[in-house]
Amino acid sequence: MKKRTWTMVLAACILSASFSHAQAKKTSKPPQKLPGKKGTVASELTDPSHAAPAAPRLKGRRPPLDPNKSVRIEYTNMKWNIDSTKPDTAAVVLRDAQTGRTVQVQLYETAPDSGQFRGYYNITWGAADELLPEIYVPTEPIRDEADAVAIQKQLELRKMRRLPFILRKGEKQEQLVEVFNSRQEAQTALDAYKAAAEAKLPPKDNVAAKALLETAELAKIEAQKKKEAEEAMAREAERRRLEEAERQRADELRRQQEAITAAERERRKKLAQQQASTAMDLFRAGQFEPAEAAFKKAHELDPNDTSFYFGYGVTLYRNKKYNDSLVILRLAADDSVNAAERDFFIGLNHLALKEYSQALSTFQRVKAAKHPQISPSAAFYEGVVHFNELRYEPAKDSFQEVLDTSQDPKMDQAAEDYIEKIEGILYFIRNKEKQFFITASIGAQYDSNVLLVNTSDPSTGTATDVADTRTVFGAGFEYRPVYTKETEFSAKIKTDMIFSQKSTNVLADPFLVALKLPYKHKGMLWGKGYRMELTPGYEILKLDVDQSGASKSMFAALGDKENYLNSITLDWVNTRIMTDDWYTSYNLKLRSDAVGNEAGSSAAGDNDPSAFQATFTWNNMWFMNKKKTTAWVTDLGLTQNSAKGKNLAYTKLSGSASYMMPWVWDMTAMGNLTLYHSQYPQRDPSARQDTNAAATVMVLKPVTDWLKTSLSVNYTLNESNVSSSKYNKLLGMLLFSGEWQF
């Protein structure tokens with residue numbers, strides 16, 4: 001067989017080899033299930049108000065998990081890791097001992113060449129918490145439906161090996177079955193979990209902790225890096241020595257070959273090809289040690305055929321002889337070997353030895369070769385190197401390149417998992433360092449029918465039938481001393497004001513000052529991601545009751561505004577992640593309004609705005625795409641305003657629906673329709689009923705990282721059984737808003 005043809009066959013075996021399982025021993029009594037507590041792991045619920053940006057394009061995402069139904073199986077088996085260039089697949093059999101139901105669960109390697117497999121299954125016959133699992137490994141790999149039938153027969157005949165496991169809760173509160181090859185492995189893992197729980201240690205894969213270490217820990221990392229660099233230099237020196245020795249050995253073999261007869265040389269060449277063919281069969285079967293010996297023998301029989309170095313070097317890598325593998329692969333440098341494939345395994349060896357600099361440069365070279373199968377895998381490992389070195393932004397770019405170039409769904413999923421993990425890490429790191437937030441906004445609006453302010457709810461005001469051009473302004477400051485993955489606490493003060501051009505509308509220009517103390521907690525609730533926000537506050541509403549500032553400018557008129565209303569508020573917002581695409585929240589708002597000492601006679605008697613108000617709302621957000629840039633939002637609400645003045649006491653039932661989506665020029669477009677019905681049962685001489693409908697269209701565009709602008713148009717129609725309360729209005733507004741964080 002020609003060298004080039006042999007190498008292509010070998011490469012094909014490495015890229016797309018199937019795997020087989022060793023015959024399992026028959027056992028009459030399966031191993032007893034290991035005892036263990038089911039633990040819970042709180043996962044962070046991203047704050048929608050400071051949401052991390054999504055990846056540009058994500059593909060291969062598995063369906064959203066229902067923690068009450070989902071079972072996750074994890075199993076490490078290096079024998080199933082046949083293909084180093086992409087994730088492998090395998091299958092196990094899950095049996096529910098309680099119901100006798102049996103299902104086949106497909107497992108996918110979490111990353112190429114990791115040997116760590118993961119699979120999900122949604123239980124259809126009950127709750128995942130009630131499952132009594134048994135895990136079996138088939139004697140032969142499952143490929144199609146015919147195999148699945150054979151698997152069922154094997155299970156019935158007890159010809160499958162039953163594996164021990166640890167049962168606990170996963171990160172998203174799904175039922176996690178962690179499977180092991182032996183009882184001893186499972187017991188060791190269980191002991192480690194118990195020790196970590198007692199010591200309150202972070203999980204072993206908590207990479208986010210690395211990026212948040214204190215100075216002393218960072219110093220340890222630098223010391224460890226220095227030590228690893230010195231060890232890498234020593235290994236490189238050893239590799240050069242071994243490489244020279246291997247060259248001399250090959251030269252000696254070639255001299256010996258020249259001394260024999262032509263017929264003997266031809267016989268040895270044929271034997272070498274037979275050894276290489278045997279080695280490839282052993283490699284495909286996952287028997288890497290005998291494959292290594294066969295490749296080595298093939299090279300010794302025909303030292304002039306350097307293509308044998310490639311297979312020999314790959315099997316050395318699979319047998320974890322990384323330094324020796326590097327030596328041999330470097331010698332496989334002629335035209336009979338595909339350079340991208342050879343360099344890919346060179347990079348894997350450097351990565352296994354934690355020689356990240358050499359691994360990175362090698363994977364980048366392979367990625368640049370644009371090999372249809374190998375280059376996406378090289379981009380994946382480039383991302384792994386960046387990730388291990390805590391370079392999260394470059395790592396994210398590398399994994400995104402995998403999504404853009406790979407044709408393998410399993411590789412896509414592995415890259416997507418890394419991207420999601422990186423976004424969570426970056427979001428937390430960026431926000432942890434920021435304690436101060438300043439906001440400011442200014443804009444102009446045209447209002448065809450200005451409403452007078454007479455309560456803390458601006459939608460209940462009386463129409464003036466006067467159009468006006470108005471200026472809106474707002475400013476805020478927030479100090480956040482506490483920010484962890486589970487808890488936030490801050491203090492914020494905010495002011496808002498409106499200034500009308502026409503002096504007749506001075507009574508419609510509020511000046512509001514609000515102090516808020518939001519506390520947020522993020523974690524899990526009843527198996528779902530959960531965020532609770534509890535915000536007590538105090539508000540002061542000022543109005544120019546005596547209209548003394550009617551002829552003054554916006555800021556000059558502030559001193560003429562009287563204390564109209566003082567309010568104590570409490571907002572309780574509870575948000576749950578029902579699925580990856582559905583967020584729901586249940587919110588309660590309480591406020592106690594008291595008339596200010598400067599409100600005047602217009603805020604007394606039947607028009608006294610002092611009130612206790614309670615509002616309950618149910619909010620739902622459905623994301624329509626994976627980037628979470630397109631969504632439907634709905635609200636249902638009920639408000640009870642128990643005012644002292646019977647003309648202002650009301651009950652309101654409201655509902656709204658909004659749709660947002662990306663638009664041209666990086667703009668976001670949103671449409672909203674709001675309906676509400678209010679009843680004023682105590683109003684004299686007759687009870688008042690209002691039905692209000694409002695439609696809004698808005699576009700938002702970021703100008704810079706800190707500056708955004710929005711343009712909105714709103715039309716409101718208020719129907720009432722009291723003629724003086726009927727009105728309609730058109731409102732258009734252009735607003736610029738900025739935010740600075742430090």
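The values are calculated or read from the model by the stated rules, or taken from the named source; none is laboratory data. Remember, it's a predicted structure, so these values are computed and weren't measured experimentally. Methodologically, a virtual Cβ is constructed for each residue, glycine included, from the backbone with ideal geometry; neighbour enumeration extends over all protein chains shown. Areas reflect the complete protein model, heavy atoms only, side chains present, ligands, DNA and RNA absent. Shrake-Rupley method; radii C 1.70, N 1.55, O 1.52, S 1.80 Å.
Overview of values
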{"quantity": "Top-ranked residue in the range 494-531 [being surrounded by fewer than 17 Cβ atoms within 10 Å (Cβ to Cβ) and touching a Pro at 6+ places or on another chain (Cβ under 8 Å); ranked as farthest from LYS169 (Cα to Cα)]", "calculated": "ASP496"}
{"quantity": "Check on LYS652, among the charged types (D, E, K, R), under 22 Å from SER448 (Cβ atoms) and open to solvent by less than 50 Å² (accessible area, probe 1.4 Å)", "calculated": "no"}
{"quantity": "Any chance VAL472 is closer than 22 Å to SER553 by Cβ, of a type in the set (A, V, I, L, M), at pLDDT 95 or above and surrounded by 14 or more Cβ atoms within 10 Å (Cβ to Cβ)", "calculated": "yes"}
{"quantity": "Tally of residues being open to solvent by 50 Å² or more (accessible area, probe 1.4 Å), among the hydrophobic types (A, V, I, L, M, F, W, C) and either farther than 30 Å from PRO609 by Cβ or modelled with pLDDT under 95 (or both) across the range 624-649", "calculated": "2"}
{"quantity": "In the range 484-493, the residues that are of a type outside the set (Val, Ile, Thr) and surrounded by fewer than 17 Cβ atoms within 10 Å (Cβ to Cβ)", "calculated": "LYS485, GLU486, PHE489, ALA491"}
{"quantity": "Failed criterion for PHE477 (all others in (1) more than 22 Å from ILE442 (Cβ to Cβ); (2) surrounded by fewer than 17 Cβ atoms within 10 Å (Cβ to Cβ); (3) not hydroxyl-bearing (Ser, Thr, Tyr) hold)", "calculated": "(1)"}
{"quantity": "Subset tally (residues that are in a helix (DSSP H, G or I), in contact (Cβ under 8 Å) with a residue 12 or more places away in the chain, open to solvent by 10 Å² or more (accessible area, probe 1.4 Å) and of a type in the set (A, V, I, L, M, F, W, C)) for the range 359-376", "calculated": "1"}
{"quantity": "Per-region count, the range 581-606, residues in contact (Cβ under 8 Å) with a residue 40 or more places away in the chain, surrounded by fewer than 16 Cβ atoms within 10 Å (Cβ to Cβ) and assigned to a strand (DSSP E or B)", "calculated": "1"}
{"quantity": "Qualifying positions in the range 263-280 - within 25 Å of ARG330 (Cβ to Cβ) and either in contact with a Gly (Cβ under 8 Å, 6 or more places away or on another chain) or loosely packed, with under 11 Cβ neighbours inside 10 Å (or both)", "calculated": "ALA276, ALA279, MET280"}
{"quantity": "Residue in the range 557-580 that is farthest from ASP635 (Cα to Cα), counting only those that are open to solvent by 40 Å² or more (accessible area, probe 1.4 Å) and part of a strand (DSSP E or B)", "calculated": "ILE568"}
{"quantity": "Residues of the range 683-709 that turn out to be assigned to a loop (DSSP other than H, G, I, E, B) and crowded, with 16+ Cβ neighbours inside 10 Å, as a count", "calculated": "1"}
{"quantity": "Some residue of the range 714-735 being open to solvent by 50 Å² or more (accessible area, probe 1.4 Å), without any contact (Cβ under 8 Å) to a residue 60 or more places away in the chain, in contact with a Pro (Cβ under 9 Å, 6 or more places away or on another chain) and not in a loop (DSSP other than H, G, I, E, B)", "calculated": "no"}
{"quantity": "Of the criteria (1) over 30 Å from TYR715 (Cα atoms); (2) open to solvent by 50 Å² or more (accessible area, probe 1.4 Å), which one TYR446 fails", "calculated": "(1)"}
{"quantity": "Failed condition for THR455, given (1) modelled with pLDDT of 90 or more; (2) closer than 29 Å to SER592 by Cα", "calculated": "(1)"}
{"quantity": "Residues within the range 287-309 that are open to solvent by less than 20 Å² (accessible area, probe 1.4 Å) and either within 14 Å of GLU246 (Cα to Cα) or assigned to a loop (DSSP other than H, G, I, E, B) (or both), tallied", "calculated": "7"}
{"quantity": "Residue in the range 491-508 that is nearest to ASP447 (Cα to Cα), counting only those that are out of contact with any Phe, Trp or Tyr (no Cβ under 6 Å at 6 or more places or on another chain) and part of a strand (DSSP E or B)", "calculated": "SER500"}
{"quantity": "Conditions (1) out of contact with any helix residue (DSSP H, G or I) (no Cβ under 6 Å at 6 or more places or on another chain); (2) open to solvent by less than 30 Å² (accessible area, probe 1.4 Å); (3) part of a helix (DSSP H, G or I); number of the one not met by ASP412", "calculated": "(1)"}
{"quantity": "Candidate set from the range 532-553 (those that are open to solvent by less than 30 Å² (accessible area, probe 1.4 Å) and not in a strand (DSSP E or B)); member that is modelled with the highest pLDDT", "calculated": "ASP544"}
{"quantity": "Long-range neighbours under 7 Å by Cβ, at least six apart or interchain, first residue over 22 Å from ASN77 (Cα atoms) within the range 275-287, second acidic (Asp, Glu) and open to solvent by 70 Å² or more (accessible area, probe 1.4 Å)", "calculated": "none"}
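Listed here are the residues, each with its yes/no results for (1) of a type outside the set (Ser, Thr, Tyr); (2) in contact with a Ser or Thr (Cβ under 9 Å, 6 or more places away or on another chain); (3) assigned to a loop (DSSP other than H, G, I, E, B); (4) open to solvent by 10 Å² or more (accessible area, probe 1.4 Å).
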residue: LYS320; (1), (2), (3), (4): yes, no, yes, yes
residue: ASP324; (1), (2), (3), (4): yes, no, no, yes
residue: ALA340; (1), (2), (3), (4): yes, yes, no, yes
residue: ALA378; (1), (2), (3), (4): yes, yes, no, no
residue: VAL402; (1), (2), (3), (4): yes, yes, no, no
